[in-house]
Structures are given as structure tokens and as C-alpha cells.
Amino acid sequence: MILEKDVVVVGAGPAGLAAAIEAAKAGAAVLLVDLNLKAGGQLFKQIHKFFGSRAHYSGTRGYDIGKKLVKEATESQVEIWLQSTAVGVFPGNKVSIERILQNGGKKLYTVHGKTIILATGASENVVRFKGWTRPGVMGAGAAQTMVNVDHVKPGQKIVMLGSGNVGLIVSYQLMQAGCDVVALVEAAPKIGGYAVHAAKIRRAGVPIFTKHTIVEALGDAEGKVSGAVIAEVDEKFQPIPGTEQTIPCDTITLAAGLKPVVELTRLMNCASAFEPVLGGFIPMHNQDMETSVQGIFVAGDATGVEEASVALEEGRIAGVAAAQALGLLSQEDAESQKQFYWNRVNSLRSGPFGEKRLAAKQDVLQCYQEQIHTPQPEVMIGGLASGAD
Amino acid sequence: MALIDTGYLTYRELMEKQKLPTEERFLQGPVAVVECVQEIPCNPCEAACPFGAIHVGEPITNLPVLSAEKCKGCGACVAKCPGMAIFVIDKSYSQTKGSVSFPYEYYPLPEVGSTVTVVNRQGEAVGNGKVLRVQNPVSFDHTPVVTVEVDLKLINEVRSMERRHS
């Protein structure tokens with residue numbers, strides 16, 4: 001049996017929740033699916049106070065924003081399926097969902113969505129060096145989940161790689177959990193994230209090694225991490241022989257950026273663009289957050305890695321646009337709401353830290369206008385759906 | 001900018017980027033020192049101030065500007081700043097001592113009256129300080145603000161205390 005929904009939203013992070021809320025408020029029957037035990041995506045491990053303006057819940061801790069959104073979604077009659085993984089999308093806007101049942105069993109559902117919003121987020125990049133597969137080497141996101149969600153320290157002495165906001169914030173949070181960050185290593189000559197985050201961990205005594213990288217994870221008798229060999233790098237980010245030093249540690253955490261999770265948009269043959277600033281390949285979209293395929297919308301990090309507050313606003317735009325496509329909102333109402341949220345997104349992309357992302361996003365919108373112009377219905381070719389390319 | 005090379009501000013760099021209270025104002029009593037020098041989209045400090053002493057305006061990437069004459073040194077902004085970049089400095093405390101209030105989100109919290117090792121912006125121990133207050137009301141949302149008494153000559157450098165293990 002195929003279930004019928006007006007909107008199927010994949011991913012219950014800030015983008016998916018906001019999209020589901022907006023579409024449901026407009027009267028759509030919305031199903032929101034997420035593979036995790038809880039809705040909220042990464043918000044529940046963001047224990048820090050957010051930047052932004054009051055409209056973006058600034059000064060509020062991430063997990064409190066998560067709670068507010070989940071409450072709003074529930075009150076807006078969004079149907080939420082947790083431990084439910086979208087394992088495929090098929091021609092005719094069908095989503096296959098593998099749902100874990102209360103008795104522990106699994107059941108495969110096929111849901112037809114008149115519109116689909118893909119808010120699948122991003123995954124961490126990995127950095128390879130000698131010994132990188134040893135126990136004790138992990139993504140910074142994994143370490144953050146351990147301390148903030150599972151309340152387990154990944155280790156005691158941490159070496160962090162990467163000085164973007166993730167590297168800086170997770171270093172701080174590891175110390176709040178009682179770990180020691182013995183070094184933060186950054187290949188670039190400058191700190192990548194917000195200076196205030198760097199200042200916090202400097203005050204706590206964390207040495208920051210810019211122009212350095214990790215060349216090897218040393219191991220103890222059991223093979224677990226016992227140290228990090230770091231070395232200075234040249235202008236091409238190659239280690240300079242003779243500059244190695246060993247920092248004893250039991251954990252190495254990698255914060256080397258994120259890349260959008262785009263498997264589902266690829267399956268739908270949504271046209272994509274390559275934008276390094278936004279994390280690599282991303283589905284192209286228009287001002288409605290609609291992809292090259294009619295009725296398939298995207299939002300959040302899946303359309304380019306930015307911040308939770310940006311993901312929220314993009315989600316709201318996608319939700320409004322999906323409701324408009326379903327005829328649930330008048331054009332006038334929908335346009336004014338979308339404009340309101342676009343203004344808020346653009347304010348988050350202002351300033352020296354946002355301008356590159358703003359330019360990349362404008363590039364995506366412009367390429368869409370030139371190459372696709374209007375979303376196309378999916379076309380069957382040899383049994384596969386194909387969007388415009 | 002040294003800040004993005006090293007992760008910490010020098011006092012001179014801070015003075016170039018931010019309009020700090022005058023020495024005259026410092027001697028009148030506690031006042032906020034806003035160590036926010038990068039144009040990031042953020043403005044909760046503006047709404048946090050009950051006296052309207054902090055202005056960000058539009059666009060929200062503007063640096064906050066403190067009107068030192070309106071500031072009462074209450075510290076409401078210290079806990080609210082997501083960047084933990086605002087401090088309250090009191091140079092009027094005594095002839096030789098002043099006080100520094102800073103956000104401190106680590107356990108264990110220091111005991112009032114105890115002596116702690118105080119650190120500069122680089123995290124270097126620069127001396128000892130007596131803990132005068134530890135404020136942690138619900139409105140601070142789990143960002144305790146610690147006030148320590150330090151030698152006046154250290155007051156422009158001390159911005160936190162040494163983190164301890166529980």
C-alpha cells in the first residue's frame with residue numbers, strides 16, 4: 001500500500017523541521033522522517049548559545065532551539081516518524097522509508113508525496129594520515145555527540161585538527177565535559193572560525209598551531225592512539241621534513257569541514273553545481289528552494305554547508321513554497337512570506353564571514369535561472385527518472 | 001590581525017578596533033569592555049542591555065558600540081554574549097586593586113572568597129585573584145559570571161581564571 005501525503009520531508013534537523021512547520025501551518029498533511037531517535041538533527045548537541053539576531057534565536061542554546069522547533073512541529077500537526085530512513089526515491093515522487101518498529105522489527109513503507117523536501121544535512125570530511133584508522137581517531141562531530149548527547153568522554157587528552165567553527169566550538173565543549181585539549185592544529189596560516197570562539201579556548205590554555213598538520217597518529221601496544229605527530233606545512237600544505245613534534249594524547253578529533261548529503265537528490269537526477277565554498281556538489285535550486293525537478297525541494301546543509309540558523313530560514317522558504325505549489329497559499333501570501341525569510345537569510349550571509357557564501361548561493365540561483373529556468377517534471381529514460389541536466 | 005593568527009587579542013589591537021571607556025569613566029566604577037572585533041552577524045548584546053548602552057543596529061554585522069556613560073556595569077551583557085567577549089572592569093575598587101567579571105562555563109565553579117589563578121587572553125597564568133562574586137541566575141542560562149579582585153596593574157590583561165578539573 002502506498003501512503004499519500006501532501007509533503008514528505010526527509011531529515012528532521014533545523015531545515016526539515018522548519019519546512020515541515022511552514023507547510024503544516026498552511027494546511028498541508030506533512031510527514032517528517034528522520035533516521036535518528038530524536039528530531040532536531042544536530043541542534044541537540046549544540047550546547048552553546050547561537051549567534052545571529054533575535055529572529056534567529058540568538059543567545060539561545062542550540063538544544064533549546066531544537067526543543068522549540070519540535071514542539072512547534074507537533075503543535076502544527078506534523079506527523080514525525082523517527083528511526084525511519086529514506087532509503088530511496090522513485091519516479092512519481094515516491095519515497096521508500098525503512099522504519100524501525102516498537103517491537104524492534106523493521107518495515108518498509110512507500111510514501112507518495114505531492115511534494116518532497118529533502119533536508120538531509122551534511123556529513124563530516126575525513127583526513128587521512130598514517131594511523132588514521134586507529135581507535136581514538138574520530139570526527140569532531142562524533143566527539144561532540146559523545147560528550148553532549150551520550151555524556152561520555154571520548155578520551156582525556158585531545159588533539160583537534162581544524163580551526164573552523166566546528167573545531168573551535170567542539171574543543172571548548174570537550175573542555176566543558178572535563179577533557180583537556182592539548183593542541184589545536186590548523187594547516188592554514190590563519191584561524192578559520194570566529195575569533196571569539198578561538199579567544200575562548202586560548203583563555204582556557206589551548207595552544208593553536210597554525211600552518212601545521214597531523215602527519216601520524218601513534219599507537220600504544222593495543223593499537224589505540226597514544227600521540228599525534230604534527231609538522232609544519234609549506235605553502236602547498238605539504239609537511240616540511242624536520243619540523244615534526246610529538247604531542248602525547250589519547251584522542252584525535254578531525255574538524256576538516258562537511259559535505260552536503262546529496263544521495264537522494266542524485267537519485268532524483270536533480271541538476272547539481274559544484275561550489276567549494278558550500279562544501280562541494282550541491283543540488284541547484286531556485287528562490288523557492290525547488291530543484292530542477294518539479295515538486296522536489298531542498299533546504300539546509302544539503303544545499304550547501306552553512307549554519308543552523310541559515311538552514312532554518314531555508315527550510316521555512318521551502319515549506320512555504322511547497323504549500324504554495326499545492327495551492328494552499330495564495331501567491332501574494334506566499335511571495336511576501338518567502339521574501340521575509342529571504343531577507344533574514346541574506347542578513348545571516350552578510351559581513352566578511354558570510355559574503356563568500358552569499359556569492360556562491362547567488363551563483364547557484366543565477367546558474368539555475370540560466371540553465372534550468374523552470375523546474376521540469378521528471379522524465380522517464382530507460383526506466384530511470386531524469387531531470388534537466 | 002593578530003587575533004586571527006593567534007586566537008587572542010592584544011590590548012593595543014583591541015583599542016584600535018573598539019572604542020573603550022575612557023580612563024576617567026573607568027575610575028567612576030564598573031563598566032563593560034566589549035572585546036568583539038569581527039563583523040559577524042550577531043546582536044544579542046544590544047537587547048541584553050537594560051540601559052540601552054550597546055548599539056549594533058543594521059546591518060547586524062556592525063560591531064557593537066558601547067556608550068560608556070549609559071553603562072552601569074551591571075553585567076547583563078556578559079552572560080548573554082554568545083561569543084563570551086564582554087567583560088566588566090572596575091578600576092574604582094581600591095587604590096591598588098580592581099575587579100574583573102568574566103563568563104566562566106566550566107565545572108567546578110570557584111568558591112566565593114577563594115583565591116584562584118587568573119589568566120590573560122592567551123591563557124597564561126599572570127597572578128592570583130580573590131573571588132568576589134559568582135553570579136548564576138536562571139536568566140544567565142547556564143553562563144556563570146565570576147568576579148575576581150586583581151592588582152590594578154593586571155586589570156587590562158586578566159580575562160579569565162585557570163580551568164580546574166572536577
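Give or take rounding to whole Å, what are the principal axis extents of the alpha carbon atoms in segment B:3-161, in descending order?
If we take the Cα atoms of segment B:3-161, the spans are 43, 34, 34 Å.
On a C-alpha basis, how far is the centre of segment A:267-333 from the centre of segment A:220-235 in Å? Whole number, if you could?
If we compute the Cα centre of each part, the gap is 41 Å.
State which entries of A:LYS106/A:LYS361; A:LYS153/A:LYS361; B:LYS17/B:LYS72 exceed 28 angstrom in Cα-Cα distance in the structure shown.
With Cα atoms farther than 28 Å apart: A:LYS106/A:LYS361; A:LYS153/A:LYS361.
Please sort A:92-100, B:98-106 by packing, taking for each peptide the average over its residues of neighbouring beta carbons within 10 angstrom, highest first.
In descending order of packing, they fall as B:98-106, A:92-100.
Mean projection of the alpha-carbon convex hull of segment A:43-112 over all orientations, in nm²?
6.8
On the principal axes of its Cα set, how long, how wide and how thick is segment B:1-70? Give whole Å, largest value first.
34, 29, 14
Springs between alpha-carbon atoms under 10 Å, Gaussian network over chain A: tell me which of A:GLY13, A:GLY105, A:GLY52 tops the mean-square fluctuations.
Evaluated over chain A, the most mobile residue of the options is A:GLY105.
Exceeding 22 Å between C-alpha atoms, which entries from my cross-link table qualify? They are A:LYS5/A:LYS107; A:LYS68/A:LYS356; A:LYS67/A:LYS259; B:LYS70/B:LYS91; A:LYS94/A:LYS259; A:LYS38/A:LYS356.
Among A:LYS5/A:LYS107; A:LYS68/A:LYS356; A:LYS67/A:LYS259; B:LYS70/B:LYS91; A:LYS94/A:LYS259; A:LYS38/A:LYS356, the Cα-Cα distance tops 22 Å for A:LYS68/A:LYS356; A:LYS67/A:LYS259; A:LYS94/A:LYS259; A:LYS38/A:LYS356.
How many angstrom lie between the Cα centre of segment A:73-112 and the Cα centre of segment A:357-378?
Distance between centres, Cα-based: 30 Å.
Given the options A:GLY315, A:GLY62, A:GLY351, which has the most mean-square fluctuation in a GNM of chain A, springs set between C-alpha atoms less than 10 angstrom apart?
A:GLY351
Under a point-charge model restricted to the Cβ atoms of Lys and Arg (+1) and Asp and Glu (-1), what is the dipole moment magnitude of chain A relative to its Cα centre, in debye to the nearest 20?
Magnitude of the dipole: close to 960 debye.
On C-alpha positions alone, give me the angle between the axis of helix A:62-75 and the longest principal axis of chain A, in degrees, nearest 10.
Helix A:62-75 sits at roughly 20 degrees to that axis.
Would you work out the relative contact order for segment B:47-138, in percent, from Cα pairs under 8 angstrom that are 6 or more residues apart?
Taking the mean separation of contacting Cα pairs over the length of segment B:47-138, I get 15 percent.
Between the DSSP loop rule and a limit of at most 14 other Cβ atoms within 10 Å, which trypsin sites (Lys or Arg not before Pro) in segment A:197-236 are left?
Those satisfying the criteria are A:LYS236.
Of A:ALA188, A:PRO91, A:LEU174, which is farthest along the charge dipole of chain A in the positive direction, counting Lys and Arg as +1 and Asp and Glu as -1 at C-beta?
The listed residue farthest towards the positive side: A:LEU174.
Suppose every Lys and Arg Cβ carries +1 and every Asp and Glu Cβ carries -1, with no other charges. What dipole size does segment B:3-161 come out with about its Cα centre, to the nearest 20 debye?
Here segment B:3-161 has a charge dipole of around 360 debye.
Read-outs throughout are calculated quantities, based only on the coordinates presented, and are distinct from any laboratory measurement. Given the structure is predicted, the values throughout are model-derived calculations rather than measurements. Cβ atoms come from the backbone with ideal geometry, glycine included; neighbour counts cover every protein chain shown.
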